[in-house]
Structures are given as C-alpha cells and as structure tokens.
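Single-structure report; data block below.
The values are calculated or read from the model by the stated rules, or taken from the named source; none is laboratory data. Because the structure is predicted, anything quoted here is derived from the model rather than measured. Cβ atoms come from the backbone with ideal geometry, glycine included; neighbour counts cover every protein chain shown. In case anyone asks, the SASA skips ligands and DNA or RNA and just uses the protein heavy atoms, side chains included. Shrake-Rupley method; radii C 1.70, N 1.55, O 1.52, S 1.80 Å.
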Amino acid sequence: MKKWVISVSVLLVGAGTLLYMWLGEEIERQATSNADGSADYMIILGAKVKPGGVPSLSLKSRLEVAVQYLMNYPHVKVVVSGGQGPDEDRTEASVMQEYLEQNGIETTRIIVEDQSTSTFENLAFSKELLPKETKKITIVSNDFHLKRATYLAQSLDFEVDAVAAETPKSVESKLRLRERAALLKTYIVGY
C-alpha cells in the first residue's frame, strides 16, 4: 500500500511540475509586442489603482507604452478599460484617461469603459463600445498577461496584436505565478 501511495505522489508531483512549466512557456510565447499600427483601435487593460488615483506600477507601465504607441500611430483610438475595485477610490479607466490626456493624447481619441472587473469583461465591454465592423484590435497589457488576454480576445472574435509592457520586478514573481493559475482556469472554463 505504501509503494502505491508513493508512486501516485511522485506521479502527481511530476504532472504538476510539467503543467507549471508548460503554462510558463505558454505565457512567455506571447510576452512580446507585435503591433504595427494596422488596427484602428487599442484597448488598454486595467490594473490596480492606489489611493488618490495613483496608477500601480503595472498600470503605469501599460500607460507608458500605450502613450508611446499612440504618439507613433496618431490614427489609433484607444479604449481605457477598467472599473472600480472595492479597494479603489476611482475607476481604473478614469485614472488611465487622465494619464493619457496629461501625456498629450487628445480626449477625442479616448473611449472610456469603466464597468469591467476582469480581463474578460475588459474585452467584452470594450467590444460593445467599438464600431460593429471592428475585427482587429491592439491590446496593451503587461508581458505576463498577454497570452490570456489574447486568448480571451480571440474567443470574442477579435484578431489581435499586442503591445507588451514590462512587468515591474518587485511584483513579477507573484504575478507570473498567479497568471499560471488564471491561464489554466481560462483554458478549462473558457473565460
């Protein structure tokens, strides 16, 4: 009986290790920018906002690369997507809009989606604000998050390219670990 328990334990640990490694490879495979200005709309996915409307390091990183991209491609319009979490005093979208405007992006280029509370909702609710014929979009998020975001956008019938924001080193290990679990859930449940 003991040998059976040990064998099953070793098998489970091995399978878990392989699953962990595979999910890490899935995340890394999508963790780079490939956007070229061919999509007319960009969606910046929301992230934590600190008290006083201060973007978290992850959100600030997303906003910095988004501003650069929008400066390079002035025809692109942008959806800032993110609601207000229970520990946030402002919506993520309002903080993103303010940041973009303060960094030279005209208000007329910004579309606000401020009801979403998850990556799937970011994309689904943003889709409702875009012209019906819109098929191709550019997603902006942190590098670790792009695989799941792209997968979800494709499930909503979008063609996707991406702008990858660097993940802050201070939170990278925690976010990459959590993202593995979120990606596995998305593969199983579909959202």
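Return yes or no: is Leu175 touching a Ser or Thr at 6+ places or on another chain (Cβ under 7 Å), open to solvent by less than 30 Å² (accessible area, probe 1.4 Å) and either farther than 19 Å from Arg62 by Cα or of a type outside the set (Asp, Glu) (or both)? Walk me through how you get there before you give the answer.
Details: touching a Ser or Thr at 6+ places or on another chain (Cβ under 7 Å): yes; open to solvent by less than 30 Å² (accessible area, probe 1.4 Å): yes; either farther than 19 Å from Arg62 by Cα or of a type outside the set (Asp, Glu) (or both): yes.
Criteria met by Leu175.
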Exercise. If you take just the helices (runs of 4 or more DSSP H) that sit entirely in region 87-187, which of them hold at least 1 residues that are touching a residue at least 60 places away in the same chain (Cβ under 8 Å)?
Worked result: 119-129, 146-155
For this session: For region 1-36, name all the residues that are surrounded by 15 or more Cβ atoms within 10 Å (Cβ to Cβ), closer than 25 Å to Leu129 by Cα and not aliphatic (A, V, I, L, M).
Result: Ser33
Exercise. Restricting attention to region 37-83, which residues are in a loop (DSSP other than H, G, I, E, B), under 16 Å from the mean Cα position of the chain (by Cα) and surrounded by fewer than 21 Cβ atoms within 10 Å (Cβ to Cβ)?
Worked result: Lys48, Ser56, Gly83
Problem set entry | Meets criteria (closer than 27 Å to Lys185 by Cβ, surrounded by 15 or more Cβ atoms within 10 Å (Cβ to Cβ), of a type in the set (S, T, N, Q) and in contact with a Phe, Trp or Tyr (Cβ under 6 Å, 6 or more places away or on another chain)) for Ser116 | yes
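If I filter region 143-163 for residues that are touching a helix residue (DSSP H, G or I) at 6+ places or on another chain (Cβ under 7 Å) and of a type in the set (S, T, N, Q), do I get at least one hit? Can you show your working first?
Of all residues in region 143-163, those touching a helix residue (DSSP H, G or I) at 6+ places or on another chain (Cβ under 7 Å) come to 144-145, 147-149, 151-153, 156, 160, 162-163.
Then drop every residue that is not of a type in the set (S, T, N, Q), which leaves none.
Looking through region 143-163, none of the residues is touching a helix residue (DSSP H, G or I) at 6+ places or on another chain (Cβ under 7 Å) and of a type in the set (S, T, N, Q).
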